[in-house]
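Here the structure comes first, spelled out in structure tokens, and everything after it is commentary.
Any read-out appearing in this document is the output of simple, stated calculations on the displayed coordinates, not a laboratory observation. Remember, it's a predicted structure, so these values are computed and weren't measured experimentally. Cβ coordinates were reconstructed from backbone atoms using ideal geometry, including for glycine residues, and neighbour counts include every protein chain displayed.
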Amino acid sequence: MQAFIIRRLLAVIPTLLFTSVIVFASIRLIPGDVVDLMLAQNDISTGTDRAVIEAALGLDKPIYEQYFIWVANALQGDFGYSLWQNTPVAEQLAVTLPITFELGFLALIVALTVAIPIGIYSAMKQDTPGDYITRSFSLLMLAIPSFWLGTLVMVFPSVWWRWAPPLQYTPFFEDPLGNLAHMLVPAVLLGLSLSAVTMRMTRTMMLEVLRQDYIRTARAKGLHENLIIFRHALRNCLIPVVTLIGLQAPLLIGGAVILEQIFVVPGMGLMLLEAVFQRDYPVVTGVFLIVGVSILLINLMVDLTYGFLDPKVRH
Amino acid sequence: MSPLLAISDLSVTFVTERGQVQALDGVSLSLNAGETLAVVGESGSGKSVTALSILGLLGDSGSVSNGSIEFDGEDLTKVSVQRLREIRGNQIAFIFQEPMSSLNPVLTIGTQVAEPIWLHHKKSWSEAFEQAGELLQRVAIPDAVKRLEDYPHQFSGGMRQRVMIAMALACQPKLIIADEPTTALDVTVQAQILSLLKNLTKEANSSLILITHDLGVVARYADKVAVMYGGRVVETAYATELYKNPQHPYTEGLMASIPKLDGDPGSTLYTIEGQPPDLSNLPSGCSFNPRCPHAQDKCTMTKPTLAEVAPNHKRACFGYER
Ligand SMILES: Nc1ncnc2c1ncn2[C@@H]1O[C@H](COP(=O)(O)OP(=O)(O)OP(=O)(O)O)[C@@H](O)[C@H]1O
Ligand code: SF4
Ligand SMILES: [Mg+2]
């Protein structure tokens, strides 16, 4: 098992390098570079020289040299300094990453608690009104973008009931309830959008598993349908569902970025968005690197879960 | 003595996308306690459907449209689902054709063999596991107790079929139904598995329904034989009688197509001409008539019924001169 994990981690290095090149280059390819923005904000008439700023920010060197410097530093855990705030990117990340992680984790819990029971229910009641209702609901969730739902939740309750979701962030360890109250709405919205696909997958897989020969064997033993579902079918059905959840990890993070913006959650998403607008290169690259690593770690966890669910992988 | 199992005039219909298919049309069988009944016939003749209908395992698309299945004084077509569950795995156990896919890949062998004991005999899991270990020993799995913790993929096909047999024997059922239990296995292990099955059912004094394509198997293991064709039983008799004195042209054809050990190695085997019938489009009259060398006019007009031609020997045929 250890060797398996180490092998997986090593395999991740080329992917990360590749990602970093793309991120590094693409943020610099967006029209309007950071020096222009700075010049526009500071009064140009003060006569600050473009070359001076570039040199101060280290942007005067050729781009490949900048890249190698960045990689060399990143390997030591130094993601550079924000071009605007002059604070270490790593320090900012240490604050924002746990917040986004919490949001993602809560959303995942919401998604699974909604998707798996309903998916199973839908499969057991195949082609009944209950099945149609839950399937239509999941289609709806699939079709509605979460930012739109988020906007609705912001606008309509306040018009109808004079209630608006809380937008005041408090750290979890200071005020757990206040923190959860704030995170709940974006987590539910994100979780619901994630649950749509998972629900459909659970239903499809459950129906597929229920057609298998070993389920017929279980029926021939005289087991009650509930035991057949939970002891004989569920684990087989979850193996592909877990893969799907791994594949959705980028979606989860992408959704978090947008919902953080709407619900003013000071996580990585908000940090990233501001950095992109300001062309704060080190911040953007830093965030993306962390996102990349997280996605790879999530997939590693998916593989480990496999080992737990599927004895063929374990041995 | 009344038979342990008596199927009378059983008809089963499936609803498919292309309309209704009548898979069984008036099947009648009977089996006494301790006997082995072989059910033979070509692919699609309704052997599996007959077996599955006994335990009510036809699935959502299939249903019994007529007839009765008397088992130990109860009509299984009439009892509640709850009662059926009490019988399944407990009084009637099933061994399926595909040992590779009939065991659950994510549960240990121990769990799967112990499960019927836990369920029907209301034993604790640890007691049930202990019994499961003994069962695996009885089906001659080496290191039986150690292997309880293993998963199906760690067993070969033959070993898995032994596991299936152990599972079937778990609650000492009165009847074991084995649907082509060796078709998917190597020729070399087929005989071992069949002898094991036969010996263990005899020891347990259980009855056995053995579904097979292979009339050679029938001769060695069965007391009684039912020959099926196109969703009907066309001939039934004690095995020795059937071999000596086949009364239906289809049975004769099957017999002639068995390779004989003492036969001339150069001689070609007899095969029955033509295709197995299409159930959704059966020929009128006797459904064997397009392939029957003895077909007469009335064979295309009326269906022959299963009638006694000798004591304990029935056939569905108008008769012919040989
Ligand atoms: N689930 C089903 N849905 C529709 N039709 C079915 C179904 N199961 C069986 N049938 C029909 O019943 C017929 C008999 O099937 P059955 O499985 O009993 O054949 P068999 O004698 O066991 O053949 P084999 O030797 O291939 O196992 C099939 O030809 C098929 O048309
Ligand atoms: S009834 Fe006629 S067609 Fe059918 S098997 Fe007998 S002789 Fe042949
Ligand atoms: Mg069959």
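Quick notes
- Leading residue at positive end of dipole, the stretch B:105-170 (Cβ point charges), from B:I117, B:I165, B:P142: B:I165
- With eigenvalues of the C-alpha gyration tensor scaled by 5 and rooted, the stretch A:91-265, Å: 36, 18, 13
- Counting only residues at least eight positions apart within a chain, or on another chain, the aspartates and glutamates with an alpha carbon under 16 Å from that of B:K244 are B:D223, B:E235, B:E252.
- Value of Rg to Rh for the protein assembly as shown, rounded to two decimals, is 1.16; Kirkwood radius and Rg both from alpha-carbon coordinates.
- Look at the stretch A:281-287: the mean tally of other chain Cβ atoms within 10 Å of its residues' Cβ atoms is 0.
- Square roots of 5 times each gyration tensor eigenvalue, C-alpha, the stretch B:105-170, largest first, Å: 18, 12, 10
- A straight line joining the Cα centroids of the stretch A:55-128 and the stretch B:3-38 runs 63 Å.
- In plain terms, the chain from A:S136 to A:F277 could stretch by 47.0 nm, reckoned as 0.36 nm per residue minus the Cα-Cα distance.
- Dipole of the protein assembly as shown, positive end: most advanced residue of A:L238, A:M199, B:L24 [Cβ charges, Cα centre]: B:L24
- Hull shadow area, averaged, chain A [alpha-carbon convex hull, nm²]: 21.9 nm²
- The residues B:E127, A:E65, when put in order of fewest to most other Cβ atoms within 10 Å, stand as A:E65, B:E127.
- Counting only DSSP beta bridges whose two residues both lie in chain B, roughly 60 percent are antiparallel.
- A simple charge model with +1 on the Cβ of Lys and Arg, -1 on the Cβ of Asp and Glu and nothing else charged puts the dipole of the stretch B:105-170 at about 160 debye relative to its Cα centre.
- In a reduced charge model with +1 at each Lys and Arg Cβ and -1 at each Asp and Glu Cβ, chain A shows a dipole moment near 1840 debye about its Cα centre.
- Helical segments meeting 15 Å axial Cα length and Kyte-Doolittle 0.0 threshold in chain A (DSSP H): A:2-29, A:63-75, A:89-124, A:129-143, A:146-161, A:176-210, A:234-247, A:249-263, A:281-309
- Using the Cβ of B:R138 as centre and a radius below 10 Å, the other residues enclosed give a net charge of -1, where K and R count +1 and D and E count -1.
- Over 25 Å (Cα to Cα) - which of A:K125/B:K123; A:K312/B:K198; B:K47/B:K314; B:K78/B:K202; B:K78/B:K314; B:K174/B:K303 fall in this group: A:K125/B:K123; A:K312/B:K198; B:K78/B:K202; B:K78/B:K314; B:K174/B:K303
- The stretch B:90-215: C-alpha gyration tensor shape, a/c 1.5 cut-off, then a/b vs b/c: oblate
- About its Cα centre, the protein assembly as shown has a charge dipole of approximately 1360 debye under the convention of +1 per Lys or Arg Cβ and -1 per Asp or Glu Cβ, with nothing else charged.
- Once C-alpha pairs closer than 8 Å and six or more residues apart are averaged by separation and normalised to the residue number of the stretch A:91-265, the relative contact order reads 35 percent.
- Shape analysis of the stretch A:27-185 based on the Cα gyration tensor places the equivalent ellipsoid semi-axes at 46, 21, 19 Å, largest first.
- Selection from B:L10, B:T302, A:V159, by position along the positive dipole direction of the protein assembly as shown (Cβ): B:T302
- Each of A:K125, B:K202 was scored by other Cβ atoms within 10 Å of its Cβ. Listed from fewest to most, they are B:K202, A:K125.
- Along chain A, longest interval not containing exposed chymotrypsin sites (Phe, Trp or Tyr not before Pro), exposed being DSSP loop plus at most 13 other Cβ atoms within 10 Å: A:1-162
- Loop-resident GluC sites (Glu not before Pro) (DSSP state other than H, G, I, E or B) in the stretch A:78-174 with no more than 11 further Cβ atoms inside 10 Å of their Cβ: A:E174.
- Relative contact order of the stretch A:119-212, defined on C-alpha pairs under 8 angstrom at six or more residues apart (%): 44 percent
- Neighbourhood net charge (11 Å Cβ-Cβ; Lys/Arg +1, Asp/Glu -1) for B:R162: +3
- Screening chain B for DSSP H helices whose Cα atoms reach 15 Å or more along their own axis and whose mean Kyte hydropathy is at least 0.5 gives B:157-169.
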